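S.K.: Before I ask anything, here is the structure I am working with.
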Amino acid sequence: MKANRAASGQSGEACAASPRRIVPHAIYRRLGDRVFGALVLVLGSSIALLTVAMGLVLYRQGGAPIVRDGFFGFLFQTTWNPVTGEHGAWPFVVGTLITSFGALSIAFLPAIAVGIFSAEYAPRRVAAAINYLVDLLAAVPSVVIGIWGIFVFAPWMRDTFYMPAFYWARESAAWLLPVLGTPTSYNILTATLLLALMITPYTVALTRDAVRMVPREQREAAQALGSTHWEMIRMSVLPYARGGIVAGVVLSLARALGETMVVAMLIGNSNRLPYTLFGPAANMPSVIANEFREAVEPTHVTALMAVGFYLFLITFAVNLIAAYIQKRLNVGGRIL
Amino acid sequence: MMSLAAVQSVPTNNVAVRGGASSGQPVVQEQTAGTPAHGAHPRLETRALSVRYGGGAVGVADITMPVHANRVTALIGPSGCGKTTYLRALNRMHDLTPGAHVSGQVLLDGEDIYGPGVDPIVVRRRIGMVFQKPSPFPTMSIYDNVVAGLKLVGVRKRSVLDGVAERSLRQAGLWDEVKDRLKTGGRDLSGGQQQRLSIARALAVEPDVLLMDEPTSSLDPKSTGHIEELMVELKKEVTLVIVTHNMQQAARLSDYTAFFYLGALIELGPTSRIFEAPAEERTAEYISGRFG
């Protein structure tokens, strides 16, 4: 539009004979606006509608046990036995809490450190290498990490750490045994460690981007006061980037909550509480992935659907929390 | 700071003519002046200072000029001609720019700040800087912003910090406006107030020299006027170097004016002479608005 106007302005009198060829009639231009606006509206709202519809369908399909036992009754019911028809989500909720918060607490400090290192300290080439590797790690399909976990990582962990730890505990720290449990290859600790590995690239990337977004004048203001590099990071970079960093951590938590393949392959699939560190367990995604094929009883199917519904609610809530934190802590150049 | 300046500003009839012997061009002509105003002692001096950026681009080349104590020196010239590049070389801010390379000397009271063993962090504590965009730390209160530099050097004593905060805010002409809400984040400070807060923060560490990179270009005329008045006050205590695009501003408040063009220093002299009788044709053309 601007170019058209400029062109017609420049050619001026010379082009007076054919102005319509240069500037399309207003009605067409307005039509273009309308068509584009409508398209964007339809596409945008369909995403929102799909999300709502997904939640509704999950509830319709999985609502029976929730209606029968109540919202919290189903949640806190501790027995899940498809054979006897008892379905309680609690073992999987506990498993999900352990795996995702465990993975998050293992991953977030190192990941934030790597993000800050790559954005602030690393020489350009090292930073490029780190970023490449982190992106690569994020791009590895989770089933590949899962198969590596099954054939390499899990046996190695069992032989190198779990068994020695177990023997040591049996000899000299018997009180630890109920926590550790009998070592198996596929257990909640292995699954959590691999989950931590999988969410690390997200936290690193989001931290790095948040740190990079800190405006130059904020850094320079600190440096002009005579701050060292670390003082500058503490004084101006981290306060400015904290919204992005915390939101990144929460988004990584959302990813840990929903990540299925690796956990389903490595967690060992046992819904018997209490879980032990070296013993098998299950969580919400893994029970859905592992049981949907065998679920022939309608009650079993609806119970799995209900677990899915709860998982949907949890991840939805976590994402909302991330958005809220980002908005709340975002300083955007204003003085808070 | 004040006493130091007073001791050193012994009137001299120092005629600093640096003809740019190496380049063969008339680079600096500084007029003799017997008047006290022009007899100030150079607090800061650059010798053959050049800044190159990665890829071979030259920021500024071979700048030799003095910056007199307790005077305002204005750097003028068209955009992209090296004023800011030069200014940032004066407190080693280029150290932080990947690929930037500085050669030549910057003498602060006779000592080369690029010399071996000189810590850039110490340099920046003596040569403060205020930027174009007001840059208070957004998560800190007004008070914490002002004393941020002092806390860096380990001053924790409440009474000292309180005193410095008040003094700096008074110097920056902001005290009366914020004294009742020092502990609040100044979310509702105006742009001009934020810039004065940035100035107060820079003053709190008692720098010898304050570099200001277009300090008023993002402000409205009223705030600009406020900050200009402030600069005239401040030069009693610190040496000021300002980059400005506003020639009226340079004419109004500076004692010396340096005209930069294409990375070179074309002319330096007392402001009145530069504006009334520039020696260089390009200076004359620029200040009469024929280019730039």
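The values are calculated or read from the model by the stated rules, or taken from the named source; none is laboratory data. The structure displayed is predicted, hence computed values, not measured ones. Neighbour counts are summed over all protein chains in view; Cβ atoms, including those assigned to glycine, are modelled from backbone coordinates with ideal geometry. Surface accessibility is based on the protein's heavy atoms, side chains included, excluding ligands, DNA and RNA. Shrake-Rupley method; radii C 1.70, N 1.55, O 1.52, S 1.80 Å.
S.K.: What is the mean number of Cβ atoms from other protein chains located within 10 Å of the Cβ atom of each residue in peptide A:215-222, rounded to a whole number?
M.R.: The per-residue average across the peptide is 6.
S.K.: Right, another one. Give the peptides B:191-201, B:94-104, B:118-128, B:132-142 in descending order of average Cβ contacts within 10 Å, highest first.
M.R.: Sorting B:191-201, B:94-104, B:118-128, B:132-142 by mean packing, highest first, produces B:191-201, B:132-142, B:118-128, B:94-104.
S.K.: So how do A:208-214, A:314-320 stack up, highest first, on mean other-Cβ count within 10 Å?
M.R.: Ranking the peptides A:208-214, A:314-320 by packing returns A:208-214, A:314-320.
S.K.: Count neighbours as other Cβ atoms within 10 Å of each site's Cβ, and list the chymotrypsin sites (Phe, Trp or Tyr not before Pro) in the range B:257-292 that are DSSP loop with at most 12 such neighbours.
M.R.: Filter output for the range B:257-292: B:291.
S.K.: Give B:133/B:157; A:327/B:179; B:157/B:183; B:183/B:236; B:83/B:133 a once-over and call out the pairs whose C-alpha atoms are over 23 Å from each other.
M.R.: With Cα atoms farther than 23 Å apart: B:133/B:157; A:327/B:179; B:183/B:236.
S.K.: Helix A:2-11 versus the longest principal axis of chain A: what angle, 0 to 90°, nearest 10, using Cα atoms?
M.R.: Here the helix axis deviates by roughly 20 degrees.
S.K.: If you count, for each residue, the other Cβ atoms within 10 Å and average over each peptide, how do A:109-121, A:241-253, B:44-56 line up from highest to lowest?
M.R.: A:241-253, A:109-121, B:44-56
S.K.: Which angle from 0 to 90°, rounded to the nearest 10, does the C-alpha axis of helix A:124-139 make with the longest principal axis of chain A?
M.R.: So the helix axis and the longest Cα principal axis differ by about 60 degrees.
S.K.: Size of the range A:129-170 along its principal axes in angstrom, Cα-based, largest extent first?
M.R.: Computed over the range A:129-170, the largest-to-smallest principal extents equal 44, 21, 10 Å.
S.K.: I want to verify the translational diffusion coefficient of the protein assembly as shown in µm²/s; compute it with Stokes-Einstein, Rh as the Kirkwood radius over Cα pairs, at 4 °C and 1.567 mPa s.
M.R.: In µm²/s, the coefficient rounds to 43.
S.K.: So if I take the alpha carbon set of chain A, get Rg, then get Rh from the Kirkwood formula, what is the Rg over Rh ratio?
M.R.: 1.13
S.K.: Could you give the length gained by full extension between residue A:159 and residue A:296, i.e. 0.36 nm per residue of separation minus their alpha carbon distance, to one decimal place?
M.R.: 45.5 nm
S.K.: Can you tell me how much longer the chain between residue A:144 and residue A:229 gets when fully stretched, taken as 0.36 nm per residue apart minus their C-alpha distance, in nm with one decimal?
M.R.: Extra length from residue A:144 to residue A:229 when fully extended: 26.6 nm.
S.K.: Just the ratio, please: alpha-carbon radius of gyration of the range A:193-336 over 2.2 N^0.38 Å, N its number of residues.
M.R.: 1.43
S.K.: Can you pull out the buried accessible area for chains B and A, both sides counted, probe 1.4 Å, rounded to the nearest 100 Å²?
M.R.: Interface area, both chains combined: 2400 Å², rounded to the nearest 100.
S.K.: Here's a follow-up. Can you give the Rg and Dmax of the range A:126-285 based on its C-alpha atoms, in angstrom?
M.R.: 20.5, 60
S.K.: Compute the accessible area of each residue in the range B:132-172 twice, once for its chain alone and once with every protein chain present, using a 1.4 Å probe on heavy atoms, and list those whose area falls by at least 50 Å².
M.R.: The answer is B:137, B:138, B:139, B:152.
S.K.: Over every pair of different alpha-carbon atoms in the range A:33-127, take the mean of 1/r and invert it; report that Kirkwood radius in Å.
M.R.: Kirkwood hydrodynamic radius for the range A:33-127: 18.2 Å.
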